[in-house]
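Beneath this line is the structure, given in structure tokens, with notes to follow.
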Amino acid sequence: MSIDTDVLIVGSGAAGLTAALNLAETRNVAVIAKGALGEGATGRAQGGIAAVLEEGDSFEAHINDTMIAGAGLNDPKVVEHVIEAAPRAIEHLIELGVPFATDGNALHLTREGGHSHRRIVHVADATGYAIQQALEAAAAKHPNIRLVPDMVAVDLVTGRNASHFSTSGAVHGLYAYHRRKKRVETLTGRATILATGGAGRAYLYSTAPRGATGDGIAMAWRAGCRVSNMEMMQFHPTCLYNLQVKNFLITEAVRGEGGILKHPETGHRFMPDYDERGELAPRDIVARAIDHEIKRDGLDYVFLDISEREPDFVRAHFPNIYEKLLGLGIDITAEPIPVVPAQHYTCGGVVVGLDGRTDAPGLYAAGEVTQSGLHGANRLASNSLLECLVFGEAAAKHIDANWDSLPDVPPIRAWDESRVTDSDEEVVITQTWGEIRRFMWNYVGIVRTTKRLERAKHRIDMLRREVTEYYGHFRVTPDLIELRNLVEVADLIIRSALSRHESRGLHYTLDYPKMLAQPKDTVLVP
Ligand code: FAD
Ligand code: SIN
């Protein structure tokens with residue numbers, strides 16, 4: 001199956017499906033996902049979406065909170081644009097049938113770290129699932145949208161892959177591996193949108209889905225696009241500590257509704273020792289405080305305790321967390337939850353403008369794959385689904401409005417497998433994957449030093465040589481595609497971290513503990 005359509009979208013989360021729905025009235029669209037449609041981060045989101053809806057709140061306050069969390073590295077023009085678009089984006093989701101929680105006639109607003117007001121609309125503690133369902137249902141109904149699961153994008157198609165070689169830099173689609181047919185197909189379109197999510201699986205512990213291997217970032221980089229602020233990896237303070245269940249998030253809304261962080265041995269509430277905002281300080285501060293407590297006292301975890309609240313309140317607000325943990329023998333209405341920080345969100349990514357355009361003609365990007373200027377050095381809680389909705393729509397609108405100036409699709413050469421064979425050494429993939437995730441966690445984690453970063457750089461250079469050689473000899477498989485991308489993004493993260501000589505937001509290094517006067521993006525140019 002080769003697909004030739006108007007617009008190709010890689011990714012079926014909030015960003016990809018929003019773009020598809022906004023294009024479908026005028027264009028034919030194909031949306032591919034590397035597994036099932038709902039397997040991205042969107043379906044996992046718990047807390048909700050931030051928007052100014054409370055009486056007494058203002059756009060200025062939300063903008064200010066976003067800039068404070070982002071340690072001034074945000075682009076004020078982008079922050080303003082996205083935050084002012086938030087109420088309309090929520091309205092649109094309601095029209096699609098997302099059943100946000102209400103309080104009388106108004107939406108119920110919860111609170112999360114870094115927000116000076118109640119601002120988060122939610123569907124109990126499973127907001128992302130409800131959004132994913134609503135977007136998927138609307139897309140499935142639309143005759144101009146073709147949803148294609150189980151297609152793993154390998155690389156973008158550019159003029160270099162055309163029958164008549166060209167160096168224009170324009171993107172004409174992509175090569176993708178069809179899981180069932182076990183072969184690489186050519187997909188072409190006049191515009192391509194990357195909505196592939198983040199790169200959290202570069203780390204040993206992460207709340208991100210299994211497929212968050214930075215594929216879109218790596219593909220755009222290989223196609224010649226700039227990538228920015230990759231050192232700004234967000235660690236969520238409260239991931240469940242459990243030896244059987246890894247990667248289960250305990251939403252920040254638990255702290256927003258009164259959850260307290262405590263030392264597991266002394267019961268001491270430690271957050272006020274670190275920040276006057278206590279448990280509701282921005283994420284980077286809370287994650288670093290927990291990391292410090294754990295490392296100083298040799299702990300496995302700290303406690304998050306919401307048992308002071310009425311049991312009925314806890315069960316009503318956090319029904320999924322309550323049930324999940326009860327199944328593991330923890331009754332959160334009566335006892336504390338053991339938690340640790342884990343990688344959670346990729347603030348950096350492919351550089352895009354307000355219209356979702358990347359550096360390559362015909363290539364757009366939206367959502368977690370991008371560095372749009374919204375998050376700066378640390379994303380404010382619940383601002384990222386919002387970014388997906390706003391930029392998904394913006395990319396669609398720009399494509400539609402500029403249709404005639406998009407590059408024509410030339411004849412493209414088929415994927416060439418004539419010089420490779422099937423691998424007889426799959427173990428190389430699992431071994432290398434594990435190695436990367438471990439040293440990224442240990443050397444490029446919450447607290448960094450130049451020496452640790454240099455160690456990581458040394459290792460990634462070695463692994464890159466091995467993986468490049470392996471890739472050159474064997475037929476691609478989904479695991480190999482992901483490993484190749486993981487090596488690429490790990491390298492981008494380490495290089496970005498080494499080049500920032502200050503501590504700002506999520507990048508905290510003992511060698512440069514101070515923040516420089518002028519905020520400056522880290523921009524890597526291919
Ligand atoms: P995703 O939803 O991650 O979708 C990525 C898509 O790309 C998937 O369909 C995937 O299959 C596809 N894809 C990737 N690579 C390829 C490839 N090579 N070929 C084909 N397809 C590919 N944010 C908030 O604002 N509020 C919250 O409450 C919140 N809670 C969160 C809770 C958790 C546990 C996590 C992990 C994140 C949370 N976030 C939250 C962040 C937010 O969910 C994500 O940033 C957002 O959903 C990203 O959406 P996206 O559309 O960019 O990508
Ligand atoms: C959470 O619910 O704590 C996650 C919110 C977010 O990542 O924005």
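The values are calculated or read from the model by the stated rules, or taken from the named source; none is laboratory data. Keep in mind that what you see is a predicted model, and the values were worked out from it rather than measured. Here the Cβ positions follow ideal geometry from the backbone for every residue, glycine too, while neighbour counts run over all protein chains shown. The accessibility values were calculated without ligands, DNA or RNA, using every heavy atom of the protein model including side chains. Shrake-Rupley method; radii C 1.70, N 1.55, O 1.52, S 1.80 Å.
Observations on the model:
- LYS181 - accessible surface, heavy atoms, 1.4 Å probe, Å² rounded to 10: 80 Å²
- Placing pseudo-labels 7 Å out from each Cα toward the beta carbon at ASN28 and HIS178 gives an inter-label distance of 1.6 nm.
- Ignoring aspartates and glutamates fewer than eight residues from LYS520 along the same chain, the ones with Cα atoms less than 18 angstrom from its Cα are ASP75, GLU231, GLU502.
- Inter-label distance, nm, simple model (7 Å from Cα along the C-beta direction), ARG475/ARG88: 5.0 nm
- For the chain, the longest principal axis of the Cα atoms and the long axis of helix 384-401 meet at an angle of about 30 degrees.
- Rounded to the nearest 10 square angstrom, ARG111 shows an accessible area of 80 square angstrom against a 1.4 Å probe.
- Within-11-Å neighbourhood charge of GLU252 [Cβ basis; K, R +1; D, E -1]: -1
- In nm, spacing of pseudo-spin labels at GLU95 and GLU425 (7 Å Cα→C-beta vector): 5.6 nm
- Distance-filtered residues of the stretch 61-87 - backbone nitrogen under 20 Å, label point 7 angstrom along LYS397 Cα→Cβ: 63, 75-87
- Cβ-Cβ FRET estimate between SER116 and VAL523, R0 fixed at 30 Å, reported to 0.05: 0.45
- Gap separating the Cα centres of the stretch 90-140 and the stretch 256-290, nearest whole Å: 27 Å
- Between the amide H of HIS172 and those of VAL157, THR158, distances stay under 5 Å, these residues lying 5 or more places away or on another chain, with hydrogens modeled in the peptide plane.
- If you plug the beta carbon distance of GLU60 and ARG269 into 1/(1 + (r/R0)^6) with R0 = 35 Å, you get a FRET efficiency near 0.65.
- Share antiparallel - DSSP beta bridges, the chain, percent rounded to 5: 65 percent
- Spatially, the stretch 487-503 and the stretch 185-224 are offset by 18 Å when compared through their Cα centroids.
- C-alpha long axis of helix 450-473 to longest principal axis of the chain, angle in °: 30 degrees
- Residue-wise HN-Hα coupling along the stretch 168-182, computed from phi with Karplus coefficients 6.51, -1.76, 1.60 (Hz; x: Gly, Pro): 5, x, 6, 9, 10, x, 7, 9, 9, 8, 8, 4, 6, 7, 6
- Protection proxy ranking of 148-158, 326-336 - average other beta-carbon atoms within 10 Å, highest first: 148-158, 326-336
- Straight-distance crosslink candidates among lysines, where the alpha carbon sits under 30 Å from LYS324 and sequence neighbours closer than 8 are dropped: LYS34, LYS246, LYS262, LYS295
- Two-site FRET efficiency, HIS164 against THR468, from Cβ-Cβ distance with R₀ of 25 Å, rounded to 0.05: 0.35
- In the complete set of protein chains, residue-level accessible area for GLU417 is approximately 60 Å², probe 1.4 angstrom.
- In this structure the amide hydrogen of ILE260, modeled in the peptide plane, comes within under 5 Å of the amide hydrogens of ASP305, ILE306, none closer than 5 places in sequence on its chain.
- The residues TYR471, TYR345, sorted by heavy-atom accessible surface at 1.4 Å with ligands and nucleic acids left out, run TYR471, TYR345 from largest to smallest.
- Solvent-accessible surface of the chain, averaged per residue with a 1.4 angstrom probe and all protein chains in place: 39 square angstrom.
- Diffusion coefficient of the stretch 1-147 by Stokes-Einstein, Kirkwood radius over Cα pairs, 37 °C, 0.692 mPa s: 198 µm²/s.
- On Cα atoms only, tilt of 427-443 relative to the major axis of the chain in degrees: 40 degrees
- Sorting the segments 384-393, 264-273 by their residues' average number of neighbouring beta-carbon atoms within 10 angstrom, most packed first, yields 384-393, 264-273.
- Helical contribution to [θ] at 222 nm, DSSP H n ≥ 4, -39,500 (n - 2.57), averaged over the chain, rounded to 500: -11000 deg cm²/dmol
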